[in-house]
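Read through the structure below, which is laid out as structure tokens, and then see the notes.
The values are calculated or read from the model by the stated rules, or taken from the named source; none is laboratory data. Not measured: the values here are computed from a predicted model. Cβ placement follows ideal geometry from the backbone for every residue including glycine, while neighbour counts extend to all protein chains displayed.
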Amino acid sequence: MKKVTTGRYSRFFIYLVVVVLLNLAGITLFFRADLTSGKVYSLSDASRKAVSTLSDPLTVKVFFNSNLPAPYNNIERYLHDLLEEYAVAGNRFFNYRFYNVSGEENEKSGGNRELAESYGIQPVQIQNIEQDEVKFQTAYMGMALIHGDIVETMPTITSTDGLEYRITSAIRKMNNKISALLNLKENVSVKLILSSSLGVVGPYMNITGIPELPSEIESIVNKLNGKNYGKLSFSSLDPSKSDRDKQDAQRYKVLRLNWDEFRDRRGNTIPADQGYAGIVIEYGDKFETLDLIEVISLPIFGTQYRLTDFAELEKAIDKTIENVININEEIGYLADHGTLPIEGMSPLSGPLPQTESLSNLNRLLSEEYSIRRVNLKNGGIPEGLSTLIIAGAKENFTDYELYQIDRFLMKGNNLAIFMDSFNEVRPQGRYGMMGGSQRPLWMPLNTGLEKLLDHYGLSVGKSIILDENSFKQRMPQQFGGGERSIYFAPVIRNEMINKDASYLKNIKGLVMLKSSPIEINEQTLKDNGLRATKLFSSSDRSWEMTGRINLDPMFITPPQNDEKFGSIPMAYIVEGPFPGYFADKPIPEKKVPVETNTGGDKKDEKNIKEQGLDMSSIRSKDITIKKGKPAKIFLVGTSEILKDNIIDEEGKTPNAQFVMNVIDYLNNREDIAIMRSKTQRFNPLRETTPAARAAIKTVNIAGLPLLVVIAGIIVWFRRASRKRMIRKMFSKQSQKEY
């Protein structure tokens, strides 16, 4: 008995040792399995690449309160796992640390709160439900990334959506900024242009402290200088005292304020004058201007003036420095020919409404790229651009302007064309029946881009795609309530999106607006070795509106003939070596405005003739290109999808991520596009037929009771067979006894 007890204890001790050893081995030798479809909890290739190429220490400091209520407690846990993934994928230069900033009054947590606030991380108010009671508490939820002298702050992290994308983007941005700063040949110039005359009228504008502004702005620049490797130089200009400074203010288009002579309440006469106020950040031939005084127009109080907040001004200066030194890749945006203004501002009418503004797109693109405005009428396409965006061009292109676009493509650069087939013209001051405003007119467009695209094997149809599977507008109660189909706003379902394109794999739905069909010439593409990829198309219940366009929902009805329905391609990307449109053609002449032909030109022409030079004998060769380097063209038949009513401010909707992913793909950043959309939360249910829904409902209602009945019958049969078996056994035994 003693031997048995000893054996049991020895086996238990051996098992315990094995379990401890397995746990110790698991600490160092472990594996993880990410079972999510989009690999949400695994690092993307772009993140691994960014963190593995660090050459200087990068420290991540995370400031979170402990014991946060749901769902915020999951954020800290997710951050722990995510940063551990970065540490495993990175090298010895990546470090991270979590700081406890809970409300307990002790020296350590108090110091951590001060450290968090020094990085610009302030507490936010969150909602907490305890004992059926809604309470509010303040909490720190942010982090700072420190790389050399550069600090990137995420002041509030209230969701795990896109967190990996934000961290990786910050790491890439800091790497690019350090490289750009260290390679600068000269310092970035920060110029304060401030007229001393504003000090006189400042108090009457409710602006005080104007004379002290130069020293305060200089201290901000000195603070930023420490974070930018000492590459900033500050100077102060006073246009009131120097004509040269005044000319600089005009050249930089700094805000100018004019005032007439007036008397104040004390009877003092303030003479008429003018003043300039602004900050100019300049490097090389590139500069940007920041407003120092904000001008606000209020309906009742009139025009109000106030100084820009210094904290916001510091952020704006730092952001502008990044723009002028081009820490991001440059892309072009066509700013003339009637394209949509990307700044969200009209030079004539000021801020644009949401249905016309592209400010959200501008903000999202500026986070990843340096946007350069391209003016084809007054210049050419600058060198160094990888992609040119043409959004909603309305004016005709000359042959010379088309030649510039063709030549840009022949060099291996890319085009993103958001092309409208019709121009919506809204009659001004005209009224129709019953006093209502007259409906807009839809005029067909023919800008000249059509013949260029046709040569490449692409075309945009002169029609508008309508779809039964469309956006549903909720009607107000005074109009009867319910929903109304907006047929010209097709909803693109998941199955109609090309999942072979990796950058579209996680995009599961889109909304288009006033879009025209895209057609390809397969023979032209084949002859030139081009590859076309259809990105998405409308549903099988879509049709086209041709001829006279009228998009009033009240007058649109689906066709009665089913033969008119069919899926229609809506977007393509074509890749390969494109054929030159101007190959074997003379270079088009550039049209020079009449007023530029001055007498000096005639004098030069006369000198040439006197020297006996025959200019007709000089010819250029091999300037037109027959076949270019491999390039890409993205083409979609609408520019409406770029506006603020479609693209959200944070860039989280499928439409916003689709546009950004396409631009990334054109710029050979497919890995970034995949990372951006892998946490896409829009996951619509798969469409089912009425018969399938009825079958599922029947199974749910009657299936469970039926299963219970079947299970009961099976149990009853088993019991009955068991009874028969037992009865049979006992009957055999009794026969043997007798």
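Across region 133-170, the number of residues qualifying as in contact with a Phe, Trp or Tyr (Cβ under 8 Å, 6 or more places away or on another chain), at pLDDT 90 or above and β-branched (V, I, T) comes to 2. In a residue-by-residue description of region 158-179, the property of being of a type in the set (F, W, Y) and outside any helix (DSSP H, G or I) applies to no position.
Close Cβ contacts (under 8 Å, 6 or more residues apart or on different chains) running from residues in region 104-118 that are closer than 16 Å to S66 by Cα and small (G, A, S) to residues that are part of a loop (DSSP other than H, G, I, E, B) and at pLDDT below 80 comprise S109/S102; S109/G103.
Against the conditions (1) crowded, with 21+ Cβ neighbours inside 10 Å; (2) in contact with a Phe, Trp or Tyr (Cβ under 9 Å, 6 or more places away or on another chain); (3) modelled with pLDDT under 90, I217 satisfies every one except (3). Report yes if V254 is among the β-branched types (V, I, T), touching a residue at least 24 places away in the same chain (Cβ under 8 Å) and either touching a Gly at 6+ places or on another chain (Cβ under 6 Å) or surrounded by fewer than 16 Cβ atoms within 10 Å (Cβ to Cβ) (or both), otherwise no. The answer is yes for V254.
Quick check: anything in region 507-516 in contact (Cβ under 8 Å) with a residue 60 or more places away in the chain and over 18 Å from V636 (Cβ atoms)? Within region 507-516 (the criterion being in contact (Cβ under 8 Å) with a residue 60 or more places away in the chain and over 18 Å from V636 (Cβ atoms)), the answer is yes, since at least one residue qualifies. For the condition part of a helix (DSSP H, G or I), crowded, with 21+ Cβ neighbours inside 10 Å, modelled with pLDDT of 85 or more and among the hydrophobic types (A, V, I, L, M, F, W, C), A87 does not qualify. Here I296 meets each of (1) over 21 Å from the mean Cα position of the chain (by Cα); (2) at pLDDT 90 or above with one exception, condition (2). It is to be established whether one or more residues within region 333-345 are modelled with pLDDT of 90 or more and part of a strand (DSSP E or B). So far as region 333-345 goes, yes, one or more of its residues are modelled with pLDDT of 90 or more and part of a strand (DSSP E or B).
I need a count of the residues in region 160-200 that are aromatic (F, W, Y) and under 27 Å from D273 (Cβ atoms). The number of residues fulfilling the criteria is 0.
Yes or no, residue by residue, for (1) assigned to a loop (DSSP other than H, G, I, E, B); (2) among the basic types (K, R); (3) under 30 Å from L145 (Cα atoms):
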{"residue": "V190", "(1), (2), (3)": "no, no, yes"}
{"residue": "S196", "(1), (2), (3)": "yes, no, no"}
{"residue": "P203", "(1), (2), (3)": "no, no, no"}
{"residue": "S235", "(1), (2), (3)": "no, no, no"}
{"residue": "P239", "(1), (2), (3)": "yes, no, no"}
{"residue": "V280", "(1), (2), (3)": "no, no, yes"}
{"residue": "L290", "(1), (2), (3)": "no, no, yes"}
{"residue": "E294", "(1), (2), (3)": "no, no, no"}
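Of all residues in region 373-397, those that are under 16 Å from F418 (Cβ atoms) and among the aromatic types (F, W, Y) have Cβ atoms under 6 Å from Cβ atoms of residues that are part of a loop (DSSP other than H, G, I, E, B) and modelled with pLDDT of 90 or more, 6 or more apart or on another chain, in F397/T447; F397/G448. Just checking, does region 635-649 include any residue being out of contact with any His (no Cβ under 7 Å at 6 or more places or on another chain), at pLDDT 50 or above, loosely packed, with under 13 Cβ neighbours inside 10 Å and within 23 Å of E343 (Cβ to Cβ)? Checked region 635-649: at least one residue is out of contact with any His (no Cβ under 7 Å at 6 or more places or on another chain), at pLDDT 50 or above, loosely packed, with under 13 Cβ neighbours inside 10 Å and within 23 Å of E343 (Cβ to Cβ). Taking first residues from region 145-164 that are over 14 Å from V62 (Cβ atoms) and assigned by TED's automatic domain parsing to the domain that holds D56 and partners that are of a type in the set (V, I, T) and modelled with pLDDT under 90, the Cβ contacts under 7 Å between residues at least 6 apart in sequence or on separate chains come to H147/I178; G148/I178; I150/I178; D161/T679; G162/T679.
For the structure I just gave you, tell me whether N74 is assigned to a helix (DSSP H, G or I), crowded, with 17+ Cβ neighbours inside 10 Å and polar (S, T, N, Q). No, not satisfied. Restricting L466, L453 to residues that are modelled with pLDDT of 95 or more and under 19 Å from I625 (Cα atoms) narrows the list to L453.
Could you tell me which residue of region 220-247 is farthest from K191 (Cα to Cα), considering only residues that are among the small types (G, A, S) and surrounded by 15 or more Cβ atoms within 10 Å (Cβ to Cβ)? Result: S240.
Of all residues in region 616-634, those satisfying the criterion of being modelled with pLDDT under 60 and either within 12 Å of D584 (Cα to Cα) or surrounded by 10 or more Cβ atoms within 10 Å (Cβ to Cβ) (or both) are K621, D622, I623. Would you pick out the residues in region 23-32 that are at pLDDT 75 or above and exposed (fewer than 10 other Cβ atoms within 10 Å of the Cβ)? N23, the sole residue that qualifies. Filtered by the rule that a residue be under 27 Å from the mean Cα position of the chain (by Cα) and assigned to a loop (DSSP other than H, G, I, E, B), region 528-543 gives S538, S539. Applying a threshold of 6 Å to beta carbon distances and a minimum spacing of six or more residues, or different chains, the list of pairs starting in region 194-211 at a residue that is surrounded by fewer than 18 Cβ atoms within 10 Å (Cβ to Cβ) and ending at one that is of a type in the set (D, E, K, R) reads S196/D238. Taking region 223-267 as the range and being of a type in the set (S, T, N, Q) and within 19 Å of I210 (Cα to Cα) as the test, the residues that pass are S235, S236, S240, S242, N258. Residue count for region 249-271 under the criterion of being basic (K, R) and closer than 23 Å to L292 by Cα: the result is 3.
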